[in-house]
Each structure stands twice: as C-alpha cells, then as structure tokens.
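Here the structure comes first, spelled out in structure tokens, and everything after it is commentary.
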Amino acid sequence: MTQDELKKAVGWSALKFIKPDSYVGVGTGSTASHFIDALATIKDQIKGTVSSSEASTQKLKSYGIPVLDCNQVDSLDVYVDGADEINHHLQMIKGGGAALTREKIVSAIAKQFICIVDESKVVDVLGSFPLPVEVIPMARSYVARELFKLGGKPIYRQGVVTDNGNVILDVHDLIIAKPMELENKINSIAGVVTVGLFANKGADIALVGCSTGVKELR
Ligand code: 5RP
C-alpha cells in the first residue's frame, strides 16, 4: 500500500468514533482530508463541525457540511486530526501544515482526540520531524535566538503566513526527551503563539494505518 492509501484507510476508520447528533472537530492535512471525505457520507447525522484551518473549512463547506465558529460551541465530542510524529505516549509533533495554533485550540475543547496517522509517523522519541513554532512576525529573530539556546536549529519557513497572520520557525536537530517540559518552555518565550508539541494534552487514541490494517493505540 502507498502512504496515501494508508492515510485514506485511517481517515475512513475514524468514522466509527463519530456519534450521531454531535459536533465534530476537524483537523488539517492530507490525512484529515480523507477523514472529511468520509465524514461527508454521514453529514446528515451530525450537527456540524469546528474546523482547524481555512483549507479544511473550504473542503467541509464544499460538501455542504456545516462549519461553526469555535466560540459557538462549548465542547466537542471528538477531534480528529493527523500528526507529523507520534510517540507511544500519544504525544505528538504537529504543524507541518502550519495550522498548529487552531489545531491546539480545537483539540483543547474536545473530549477526545483521535489521531489518524500512517505507520511512518510512529516514533520512539519525538524530534526527527522539525518542530514547528508559530511566532508573531516582529519576534521572529528573538524567538529564533531563544530556540537556539534550547539546543535546536530554527529555520524560518519562507513564504508561509499562517491563518492567524503569523510566521513559522521549524526547529531542527532536537531530540525531545521531555516533551511536556519542552512544550512549556517554548510556550513561555515572548512572541511565541504556539509550539507544535502536543504533549501536555496528547491524543486519546491513535489509529495507525499499517500494511496489515488499522491498529489502535491507547
Ligand atoms: C497540519 C498538521 C497535520 O496534521 C500534519 O502535518 C500531518 O499532515 P498529513 O496528514 O498531511 O501527513 O499538523 O498543521
């Protein structure tokens, strides 16, 4: 199976976690996009969605699936999204698609985070995938210097402006031995909007697409 076929398999397998008459949090990226295709087949059974990016919002609307503002709902039953890396504690690196801040907000109001990944994303230690950090533009150089002090090599993601009007620094060469500690440290740097480490609140369930089928990690 190709990587995209594995992503499609997990995207569709997440459907079984969607309850009738619920609001569904929807992530961003190619795996989440397969989930949206699947969700469209049961769109009449759900109340609506809250989306984590303009791209996902557009795709949801193209299917006629209602998209609500995050401020209109108190909580979501589930949030379904991909990841760039996930470890066995279900802590993740996210933000490869630059949607990390909205993804963290939508996942914060969800009772359950269902992470959908192909098997190449499962790692023992996070950090091989460069860690995305969303930064207020005027703080870019300062934040880069602070990230360097933490042992990483921040690279400015050229030409990318997030849905919130900010920029992304991708931090290379990190071996993330203590994900919660690093998440807290980076989030406390002035000018950082969000770090793409989802460690303090990770996923509740990971659906992993493997050549032998979809595996569930809890
Ligand atoms: C976007 C994300 C995505 O979930 C992550 O990049 C995985 O993407 P894909 O499903 O395309 O591999 O965090 O900001």
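The values are calculated or read from the model by the stated rules, or taken from the named source; none is laboratory data. Remember, it's a predicted structure, so these values are computed and weren't measured experimentally. Cβ coordinates were reconstructed from backbone atoms using ideal geometry, including for glycine residues, and neighbour counts include every protein chain displayed. Quick note on the areas: whole protein, heavy atoms, side chains included, nothing else; ligands and nucleic acids left out. Shrake-Rupley method; radii C 1.70, N 1.55, O 1.52, S 1.80 Å.
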Under-5 Å amide H pairs with residue 171, H placed in peptide plane, nonlocal only: 131, 133, 155
Net +/- balance of residues flanking residue 110 in space, Cβ distance below 10 Å, scoring K and R +1, D and E -1: -1
Within a Gaussian network of the chain (alpha carbon springs, distance under 10 Å), most fluctuating of 82, 191, 29: 191
Too-long pairs where the Cα-Cα distance tops 30 Å, listed order kept, from 47/178; 61/111; 16/59; 7/149: 47/178; 7/149
Karplus-derived 3J(HN,Hα), 6.51/-1.76/1.60, for each residue of region 64-74, Hz, glycine and proline x: x, 8, x, 10, 9, 5, 4, 6, 8, 10, 7
Derived scalar couplings ³J(HN,Hα) [region 184-201; Karplus, 6.51 cos²θ - 1.76 cosθ + 1.60; whole Hz; x for Gly, Pro]: 5, 4, 5, 5, 8, 6, 4, x, 7, 8, 7, 9, x, 9, 10, 10, 4, 10
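Roll a 1.4 Å probe over the protein chains and send me the accessible area per residue for region 1-115 in Å². Please report the intermediate quantities before stating the final value.
Working: 4780 Å² over 115 residues.
Here the residues of region 1-115 average 42 Å² of exposed surface.
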Residues of type aspartates and glutamates that residue 8 reaches as a straight line, Cα spacing below 15 Å, ignoring anything fewer than 8 places off in the same chain: 37, 81, 118, 119
Of all accessible heavy-atom area on the chain, the percent that carbon and sulfur account for (1.4 Å): 51 percent
Per residue accessible area in Å² of region 155-206, where ligands, DNA and RNA are left out and the probe is 1.4 Å: 46 Å²
Cα-based shape type of region 73-113, given that a ≥ b ≥ c are square roots of the gyration tensor eigenvalues and the cut on a/c is 1.5: oblate
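What is the sum of charges around residue 2, taking Lys and Arg as +1, Asp and Glu as -1, for the other residues whose C-beta is under 14 Å from the C-beta of residue 2?
On the way: positive: 7, 8; negative: 4, 5, 118, 119.
That works out to -2.
Starting from 0.36 nm per residue, how many nanometres of slack lie between residue 22 and residue 3 once their C-alpha separation is accounted for?
Values: separation 19, 0.36 × 19 = 6.84 nm, distance 3.02 nm.
Between residue 22 and residue 3, full extension yields an extra 3.8 nm.
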Label-point separation in nm, residue 44 to residue 217, each point 7 Å along Cα→Cβ: 3.8 nm
Fluctuation leader among 163, 81, 21 - the chain, Gaussian network, Cα springs under 10 angstrom: 21
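Using the Cα gyration tensor of region 117-218, with a ≥ b ≥ c the square roots of its eigenvalues, what is the shape: rounded (a/c below 1.5), prolate (a/b larger than b/c) or oblate (neither)? Write out the running numbers ahead of the final one.
Working: a/c = 2.16, a/b = 1.84, b/c = 1.17.
In terms of gyration-tensor shape, prolate.
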Contact order normalised by residue count of the chain, Cα under 8 Å, 6+ apart, percent: 23 percent
Long-range amide H partners of residue 49 with built H, under 5 Å: 24, 67, 68
Between region 146-165 and region 30-78, the alpha-carbon center distance in angstrom: 29 Å
3J(HN,Hα) from dihedral phi, region 17-28, Karplus parametrisation 6.51/-1.76/1.60, rounded to Hz, x for glycine, proline: 8, 8, 8, x, 6, 10, 9, 10, x, 10, x, 9
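Find out how many positive minus negative residues lie around residue 67, taking Lys and Arg as positive, Asp and Glu as negative, among other residues whose Cβ is under 14 Å from that of residue 67. Walk me through the numbers before you get to the answer.
Numbers: positive: 43, 47, 59, 61, 102; negative: 54, 69, 163.
Surrounding charge for residue 67 is +2.
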